[in-house]
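Participant: Supplied in structure tokens, the structure appears directly below.
Where a number appears in this text, it was derived from the coordinates with a stated rule and is not lab data. Every value quoted in this text rests on a predicted model; they were computed, and no experiment measured them. For neighbour counting, all protein chains shown are included, and Cβ atoms are generated from backbone atoms with ideal geometry for every residue, glycine included.
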Amino acid sequence: MTASATTAVPDPRQNHLLAALPDQEYARLLPDLEAVSMPPGWIVHDSGVKLEYVYFPTTSEIALFQVLGDGSAPEIAVTGNYGLVGTSLFLGNKTTTNRAVVQRAGQAYRIRAAVLKRESRLDGNLHYLALHYIQGLIEQMAQSAQRKRYDMAERQLSALLYDEVIVDLNGGVCPVPGQQLICRCENCG
């Protein structure tokens with residue numbers, strides 16, 4: 001899935017993590033960076049699979065999905081040219097628990113896991129930058145979870161209020177007084 005000769009290949013430093021590397025470290029990594037085309041819907045990696053590469057998007061966006069026991073896979077984060085895909089390798093894991101799928105077509109650069117292992121032994125800046133990015137990714141996931149929880153509570157409150165309005169329009173007696181309705185909804189989600 002390497003970039004074709006007709007596809008304009010962006011500069012690797014369009015990825016903010018690669019751009020933040022000192023020149024000497026970037027020059028050391030450059031021969032190992034491989035340009036790849038990222039078509040929409042392409043599964044970059046799946047849950048539980050050994051990671052062979054880390055991807056640095058330049059013009060593409062990649063969504064991360066957490067695969068749950070029931071087979072569902074809610075989206076937990078999106079990364080673009082400010083980040084990377086394959087964070088598990090920087091945390092010492094060879095496999096990942098999430099699925100990464102190209103959301104917006106474009107380009108990326110990838111580098112072999114073995115090269116990253118070598119770089120981490122050299123105690124370079126890439127490892128530090130990746131950990132800093134991972135911290136931001138965790139914050140993004142926490143905010144996303146909080147938004148989803150809020151949205152769920154809002155939907156449940158709307159449904160309860162709608163049910164109450166329907167009862168009132170039909171001339172019935174509302175079975176749940178207003179304060180109890182609000183209290184019941186505060187406990188949802």
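Participant: Would you mind putting 24-37, 80-93, 98-111 in packing order, based on average other-beta-carbon counts within 10 Å, highest first?
Facilitator: 98-111, 80-93, 24-37
Participant: Name the long-range amide H neighbours of Val67: under 5 Å, sequence gap of 5 or more, or other chain; modelled H, no Pro or chain starts.
Facilitator: Arg99
Participant: Grab the beta carbon distance between Ala114 and Asp70, set R0 = 35 Å, and tell me the FRET efficiency rounded to 0.05.
Facilitator: 0.50
Participant: With a Cα-only, solvent-free Debye model of region 12-145, what are the log10 I(q)/I(0) values at q = 0.15, 0.19, 0.21, 0.22 Å⁻¹?
Facilitator: The computed values of log10 I(q)/I(0) come out as -0.67, -1.10, -1.36, -1.49.
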